[in-house]
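Have a look at the structure below before the remarks.
Just so you know, all these numbers are worked out from the coordinates, no wet-lab data involved. These figures come from a predicted structure and were not determined experimentally. Using ideal geometry, Cβ is built from the backbone for each residue, glycine included, and neighbour counts are taken over all protein chains shown.
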């Protein structure tokens, strides 16, 4: 069901030696919603992502993933590769990590490794040509084609991923994450380096994923047109701690956020607030009411 | 003068002086000083003239290059003219389509060709052994991108497995072959565990050490392996139970042929050909299965693999185990062919040679390995006459080929699956994995 809790982060703390990158952070991401995690550079956003997706083990805290069927997974206890496999959390990277020497289609096939591995009888059946591997592979290609269609990459399916232009690589990384069949999609700055038009395409793609597939999206983003345009819920971090949490409208008008984000003195806040309102208006008032 | 010289005379003189100094340092010691055995010990025989000639050639050659080719504003021309490179690529694509089938047919009929004698067949068996080892190592280095400098250890495990099983328990070759493969794969996994977390140079060093450990154990575990004496009297393979011997019940007798010692050689040839083709067939098949794609993905980006739910531990271990298994098969073949094995056959230079075949052929390319194995092993034989300069010639040839084709002879990668059109992936996009 849309709107119920999908990911629950409680008292998450991550220390690297003496540095506290994330400090007692709690928030919730809901199914069928886009939750944005924003904050100035160095606020600890990517660290939170790395904790959720298992690349770091948090110092303190609990991260719970709730599936529709009631199953729950404690992500801080799962090995990193089990998080996409069991808990169904997929991610993309700030600096794109595609398999550059492999074709676009191959990238999407690797994302379906685990079900294909089972279908190939853990390789033994596949080598001998027995079992349902062929059918499974056809199914996997169909899923890959579906996401190629959605991301507009159909024409490039047989090209090397490393050959694609930057914007296509960003979309391919999202398509690849979706091919793992996730229930939570974590996107680390998906709009970084995109031009306004590509950025708009990305918005449409993310709204499509949210609407049609019933998955939740957790998003780190600096591009405010993306964040304000499509987020249902925004969490603001500064120095590893949560300073605000709410709808885009609430966040937009939160003086603490403005101060933290723009690094201004308190008396200048009103001025900056005004500037932001103007910017948002200039973007065509895309923010949800 | 039409164009002004790029370098001042002073620069050129300095450059040539440095060249002369470096050449003198190298050739002065290596060529200029020669030791000779004389009654009562060693004697130093200086050969300054030869050394000075070499220095003069280097300095003179560099002077000519500096004044002509390297003096152009657009920089030095490429080693191969661009037109030739393009034409070559076009020819290679045409040749590439028919090359593998022709090669296969040639391999199948080789023993029956009129000019084939025992020497050529023995050499072909040796080449095919290295083709098989190259294909096996290609799984680890070319596909999974894990640099393995101790590959010969698994070759040794396979050889000793068969030798010990045959000598102590009387197992036949065909029974021992899978066991040798399984034991080698097992040792592949044993090697895999400590290197799971290692990257780059560290991975290379530990695999190198592992290869040496196996060899040193074989050398010192005297009661079990015979130590430096090796194991002799290893049974020769039989044609499914029929031995290659003179007289009653031998291969020639059963099939009504005149006895010839060539029968066994031809059989060995087809045996290694079948084993090598099995390696190739399984590898090609694995490449199209999820496991093979996972190996290649591991080479491309390990972190992305983990973010997609791939258990990189098992991906690495299966790569090591599969590669090691084929080395084990090849080792069992080696033992039955030679009839005698000792740790001396499994030194680091063997690992280096197999790795050179894989790198020269183009990492991940199956046909490249064949070409490189024929060139390297066959080339060693061709230049056997020029024994003193053999390594020098080979070093120079390797350097030239690596300048001309830095990613090996066959640098492109064939995709494992395609929707509409199979497009080769340029080698410059393909990652090389850990340890390169």
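With springs only between Cα atoms under 10 Å, which of B:413, B:384, B:293 fluctuates most in a Gaussian network model of chain B?
It is B:384.
Rank B:55, B:152, B:91 by mean-square fluctuation in a GNM of chain B with C-alpha springs under 10 angstrom and give only the top-ranked residue.
Comparing B:55, B:152, B:91 in the GNM, the peak value goes to B:55.
Once you keep just the Cα pairs under 8 angstrom separated by 6 or more residues, what percentage relative contact order results for chain A?
Averaging sequence separation for qualifying contacts and normalising by length gives 24 percent for chain A.
With r defined as the distance between the Cβ atoms of residue B:168 and residue B:348 and R0 fixed at 25 Å, what FRET efficiency is calculated, to the nearest 0.05?
0.30
Going 7 Å from the Cα of residue B:71 in the Cα-to-Cβ direction, what parts of region B:13-42 have a backbone nitrogen less than 16 Å from that spot?
Answer for region B:13-42: B:13-16.
Using alpha-carbon pairs under 8 Å, 6+ residues apart, how would you state the relative contact order of region B:354-436 in percent?
Relative contact order here is 29 percent.
Percent antiparallel among DSSP beta bridges with both residues in chain A, to the nearest 5?
Counting only bridges with both partners in chain A, antiparallel ones make up about 60 percent.
Would you mind ranking B:423, A:183, B:94, B:316 so that the residue whose beta carbon has the fewest other beta carbons within 10 Å leads the list?
B:94, B:423, A:183, B:316
To test your reading of the geometry: what angle, between 0 and 90 degrees and rounded to tens, separates the Cα axis of helix A:166-179 from the longest principal axis of chain A?
The helix A:166-179 is inclined about 60 degrees to chain A.
Take B:344, B:385 and order them by how many other Cβ atoms sit within 10 Å, fewest up front.
In order of increasing Cβ crowding within 10 Å: B:385, B:344.
Using a cut-off of under 17 Å, list every residue of region B:44-66 whose amide N is near the label point 7 Å from the Cα of residue B:18 along the Cα-to-beta-carbon line.
B:58-66
Based on alpha-carbon centroids, what's the gap between region B:157-182 and region B:93-143 in Å, whole number please?
Their Cα centres are 25 Å away from one another.
Just rank A:249, A:158, fewest to most, by other beta-carbon atoms within 10 angstrom.
With the sparsest Cβ surroundings first, the list reads A:249, A:158.
Rounded, prolate or oblate: which fits region B:179-337, taking a ≥ b ≥ c as square roots of the Cα gyration tensor eigenvalues, rounded meaning a/c under 1.5, else prolate when a/b beats b/c?
oblate
Evaluate E = 1/(1 + (r/R0)^6) for residue B:190 and residue B:239, where r is the Cβ-Cβ distance and R0 equals 41 Å; express this FRET efficiency to the nearest 0.05.
The calculated FRET efficiency here is 0.75.
Determine the percent antiparallel among the DSSP beta bridges restricted to the protein assembly as shown, to the nearest 5.
Just about 65 percent of them are antiparallel.
Is the shape of chain B rounded, prolate or oblate, going by the alpha carbon gyration tensor and its root eigenvalues a ≥ b ≥ c, with a/c under 1.5 for rounded and a/b larger than b/c for prolate?
Note, shape of chain B comes out prolate.
Between residue A:77 and residue B:26, what's the calculated FRET efficiency when r is the beta-carbon distance and R0 is 51 Å? Round to 0.05.
0.25
Over chain B, what is the mean sequence separation of C-alpha contacts under 8 Å (at least six apart), divided by residue count, expressed as relative contact order in percent?
23
Distance between the C-alpha centers of region B:195-229 and region A:1-66? Whole Å please.
That distance is 45 Å.
Quick check: Cα centre of region B:418-434 to Cα centre of region A:67-100, how many Å?
27
Got a sec? Which residues in region B:358-395 would a label at residue B:43 touch, if it sits 7 Å along Cα→Cβ and we count backbone N under 16 Å?
In region B:358-395, the label zone of residue B:43 (backbone N under 16 Å from the point 7 Å along Cα→Cβ) covers no residue.
Counting every Cα pair in region A:22-139, what percent are over 17 Å apart?
Counting every Cα pair in region A:22-139, those more than 17 Å apart make up 68 percent.
Connecting C-alpha atoms closer than 10 Å in a GNM of chain A, tell me which of A:169, A:112, A:86 has the biggest fluctuation.
A:86
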